[in-house]
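Take a look at the structure set out below.
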Amino acid sequence: MATALLFPGQGSQFVGMGKDLAEAFVEARLVFEEADDLLGTALSRLMWEGPAEELVLTRNAQPALLVHSVAVLRVLGQGVPGQGGMAAGHSLGEFTAHAAAGTLSFPDALRAVRIRGELMYAAGVERPGTMAAVLGLEDAAVAEICRMVQEMGKVCVPANYNAPGQVVVSGEVEGVERAMALAREAGAKRVLPLAVSGAFHSPLMAPAREGLRVALEALDFFDPSYPVYSNVTAAPVLEGKQARNLLVEQLTSPVRWAESLRNMVEQGADRFLEVGAGSVLCGLTKRVVPEIPCMSVGNPKDLDRLGG
């Protein structure tokens, strides 16, 4: 069985995440303690006790999600389904996927996502923007709407190609608002504004690129032990240098999630395992490749079911 590991992105965090893991498994508890020491702050307390308005901040949510996923992996240990298989992560989750595959060490991956979160927040302050989910339109229709908005002189681009009929757009507030109105006129089933601190995966994140590039250049990147599918290309990454470059490019490029899932299935994946907080990615998997089973693993009960 070829299992593909999936790692969640920002938005899947919740107060209480990982607490039951730390209480049940010493391997998990050590991950949270290591993260607190590396960051010099009580990230684990924020994850377990909140407040939610602090946890949701980009600089906190991104390391929290990575730490939770790595804690699950440490509990699984050498029995990780998918060793020798393949992996992908949604946005922030791509860093976690590379940590899982050994492209980055856990300490370096954790420092990288903390810096990434800070840079993305700062970019959102420098060039304010927002995002919205468009449901019920074809990818090409959403791309055309964004093109129309751009011709009006406002920034708006497709940011996440998540599943058939689910595309997230990103850009200037006025640009996204215009795109939302055009999407409704075009027959979208739902158009949902997202509570985010910036226009992620859009040109408005450009101020963060140089800072992230410098930060990643200072870290050791190794060739992953199994392919990690890139958000930017939807293709497998096999070299550390390529991983570093694509993780920088990812900031201003759309997440080609649906295409990544299809490509993994074409390369032999016959089961998906969502490792970490929530079950968003399993939900998308059911829409993109409904014939392939997906299981979320984020707490002791999930681990029991997996082992059973």
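Being closer than 21 Å to LEU66 by Cβ and either touching a strand residue (DSSP E or B) at 6+ places or on another chain (Cβ under 7 Å) or surrounded by fewer than 17 Cβ atoms within 10 Å (Cβ to Cβ) (or both) is true for just one of LEU204, LEU216, LEU281, LEU238. Which residue is that?
LEU281
Put simply, of GLY187, GLY171 the only residue that is surrounded by fewer than 19 Cβ atoms within 10 Å (Cβ to Cβ) and over 18 Å from the mean Cα position of the chain (by Cα) is GLY187.
From the list GLY187, GLY175, pick out the single residue that is at pLDDT 95 or above, farther than 30 Å from ASP304 by Cβ and part of a loop (DSSP other than H, G, I, E, B). First the steps, then the outcome.
Values: GLY175 fails: part of a loop (DSSP other than H, G, I, E, B).
GLY187 is the lone residue from the list that is at pLDDT 95 or above, farther than 30 Å from ASP304 by Cβ and part of a loop (DSSP other than H, G, I, E, B).
Those residues that are closer than 19 Å to LEU281 by Cβ and touching a Ser or Thr at 6+ places or on another chain (Cβ under 9 Å), I need them from the stretch 12-55; list them, please. Steps first, please.
First, pick out the residues of the stretch 12-55 that are closer than 19 Å to LEU281 by Cβ: 12-14, 17-18, 21.
Answer for the stretch 12-55, where residues must be closer than 19 Å to LEU281 by Cβ and touching a Ser or Thr at 6+ places or on another chain (Cβ under 9 Å): SER12, GLY18.
In the stretch 139-149, the residue that is surrounded by the fewest Cβ atoms within 10 Å (Cβ to Cβ) out of those that are under 17 Å from GLY175 (Cα atoms) and of a type in the set (A, V, I, L, M, F, W, C) is MET148.
Residues being part of a helix (DSSP H, G or I) and under 16 Å from ARG209 (Cα atoms) are represented in the stretch 251-264 by at least one member. Scanning the stretch 123-138 for residues that are surrounded by fewer than 17 Cβ atoms within 10 Å (Cβ to Cβ) and either touching a Phe, Trp or Tyr at 6+ places or on another chain (Cβ under 9 Å) or assigned to a helix (DSSP H, G or I) (or both) turns up VAL125, GLU126. Taking the criterion of being in contact with a helix residue (DSSP H, G or I) (Cβ under 7 Å, 6 or more places away or on another chain) and of a type in the set (Asp, Glu), the residues of the stretch 96-130 that qualify are GLU118, GLU126. Scanning the stretch 212-250 for residues that are assigned to a helix (DSSP H, G or I) and within 19 Å of PRO107 (Cβ to Cβ) yields LEU212, VAL214, ALA215, LEU216, GLU217, GLY240, ALA243, ARG244, LEU247.
The values are calculated or read from the model by the stated rules, or taken from the named source; none is laboratory data. Keep in mind it's a predicted model, so treat the numbers as computed, not measured. No Cβ is skipped: glycine too gets one built from the backbone with ideal geometry, and neighbour counts run over all protein chains shown.
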